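Reviewing the structure listed below.
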């Protein structure tokens, strides 16, 4: 399925791909009127460019169809991909409904800090999100659940909740339903009339969709369907050689850093590949099998995404070092499965005659109970239960001389 089809499968009221200078409502009848628009780089999957708005030109996309949000505002959700092109010192509205109170709007200001705001007379509800980095695509999404549905609203960025605010007696049913992307068509205040939205938006839009008075996307669908399936990768690899080419690099702040484009099961080892803390997805796998991704030499991938029905297993190797061994002793490491009294059902590692007084066991870092066994001529047998995890550990044995009767 295409990304557009993934969105449409969630049955929105409207969807605007904003593929360049096109404001067509691909799902409903609320086609946007574009003013002074121009094409820019695509922000997500299934488009070739985006709708760009410029502060000087006063670019905007205006939706005048009265069914943009159904009859009232008991329930609604709207969101899509956005990228800001410069730092915005003044308040600007990325998307908004209402030319006077009440209003529902995505706001950005004062260092590109984001906010989802509802203004209803003296009642002002605000939810703050992160500050947007210039030229980095983000998926923004707002959900309003009114009377009878919990009475709250939630703001998501890249499918991650920025918080939830109770609505109380707030109602949006009387607002004018016109919606505007980019330069506001009217004078609209942030927090009432204290600060006016007089600055236009300098940025780009793709794949915005809205839902109203129906089943809204769940938090899981916001993350997995609307964000993860739309994120474009910084790098796509198909094999170990492709991953080796990234060794020793730092992957930047991006929606999706590495896509593993493989249909079936594959095992990959990452060598010192680290990820910016603000990167939303470290590794995405679009196959139907299992991707086993091993972090080695400082690699730290941990945020995964699957879009083809498969699974990702992140492996963080660790080493168990056993000290105090009798030189020449037999060492065995068993999986402590507790199937029989001896617990010697699966041998994980070992040696008949160990050279020296230490032995190292490298494992995948998963939590696991094991049994260490040491047998040496003239010494009592040692059996020791140990729990492994992703941390390197050292165990010291203290052999006792075997007493002869």
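Any residue in segment 186-196 that is modelled with pLDDT of 80 or more, surrounded by fewer than 23 Cβ atoms within 10 Å (Cβ to Cβ) and part of a loop (DSSP other than H, G, I, E, B)?
No, there is no match, as no residue in segment 186-196 is modelled with pLDDT of 80 or more, surrounded by fewer than 23 Cβ atoms within 10 Å (Cβ to Cβ) and part of a loop (DSSP other than H, G, I, E, B).
Which of the residues that make up segment 233-245 are surrounded by 14 or more Cβ atoms within 10 Å (Cβ to Cβ) and within 22 Å of the chain's Cα centre (by Cα)?
Those that are surrounded by 14 or more Cβ atoms within 10 Å (Cβ to Cβ) and within 22 Å of the chain's Cα centre (by Cα): 233, 234, 235, 236, 237, 243.
So if I check each of 141, 106, which one is within 25 Å of residue 253 (Cα to Cα), at pLDDT 95 or above and assigned to a strand (DSSP E or B)?
Among 141, 106, only 141 is within 25 Å of residue 253 (Cα to Cα), at pLDDT 95 or above and assigned to a strand (DSSP E or B).
Looking at (1) over 24 Å from residue 130 (Cβ atoms); (2) crowded, with 22+ Cβ neighbours inside 10 Å; (3) modelled with pLDDT of 90 or more, which one does residue 27 not meet, given that it meets all the others?
Status for residue 27: all satisfied but (2).
Name the residue, out of 273, 331, that is farther than 30 Å from residue 241 by Cα and crowded, with 20+ Cβ neighbours inside 10 Å.
Step by step, each of 273, 331 is checked, and only 331 is farther than 30 Å from residue 241 by Cα and crowded, with 20+ Cβ neighbours inside 10 Å.
If you check residue 207 against the conditions, is it crowded, with 21+ Cβ neighbours inside 10 Å and on the phi > 0 side of the Ramachandran plot?
The answer is yes for residue 207.
Here are 230, 248: which of them is surrounded by 15 or more Cβ atoms within 10 Å (Cβ to Cβ), part of a loop (DSSP other than H, G, I, E, B) and at pLDDT 95 or above?
None of the others qualify; the one that does is 230.
One residue is enough: does segment 251-267 have a residue meeting the conditions buried (at least 18 other Cβ atoms within 10 Å of the Cβ), modelled with pLDDT of 95 or more, over 22 Å from residue 313 (Cβ atoms) and touching a strand residue (DSSP E or B) at 6+ places or on another chain (Cβ under 6 Å)?
yes
Considering only residues of segment 371-382 that are within 13 Å of residue 336 (Cβ to Cβ) and in contact (Cβ under 8 Å) with a residue 40 or more places away in the chain, which is surrounded by the fewest Cβ atoms within 10 Å (Cβ to Cβ)?
Looking at residues that are within 13 Å of residue 336 (Cβ to Cβ) and in contact (Cβ under 8 Å) with a residue 40 or more places away in the chain, I get 373.
Report, by residue number, each residue of segment 255-267 that is in a strand (DSSP E or B) and out of contact with any helix residue (DSSP H, G or I) (no Cβ under 9 Å at 6 or more places or on another chain).
257, 259
Before we move on, is residue 86 modelled with pLDDT under 90, buried (at least 21 other Cβ atoms within 10 Å of the Cβ), within 28 Å of the chain's Cα centre (by Cα) and assigned by TED's automatic domain parsing to the domain that holds residue 146?
no
Quick one: in segment 268-285, of everything that is touching a residue at least 40 places away in the same chain (Cβ under 8 Å) and assigned to a strand (DSSP E or B), which residue is farthest from residue 223 (Cα to Cα)?
Checked segment 268-285; the qualifying residue farthest from residue 223 (Cα to Cα) is 284.
The values are calculated or read from the model by the stated rules, or taken from the named source; none is laboratory data. Predicted, not measured: the structure shown is a model, and the values here were computed from it. Positions of Cβ are backbone-derived with ideal geometry, glycine not excepted, and every protein chain shown enters the neighbour counts.
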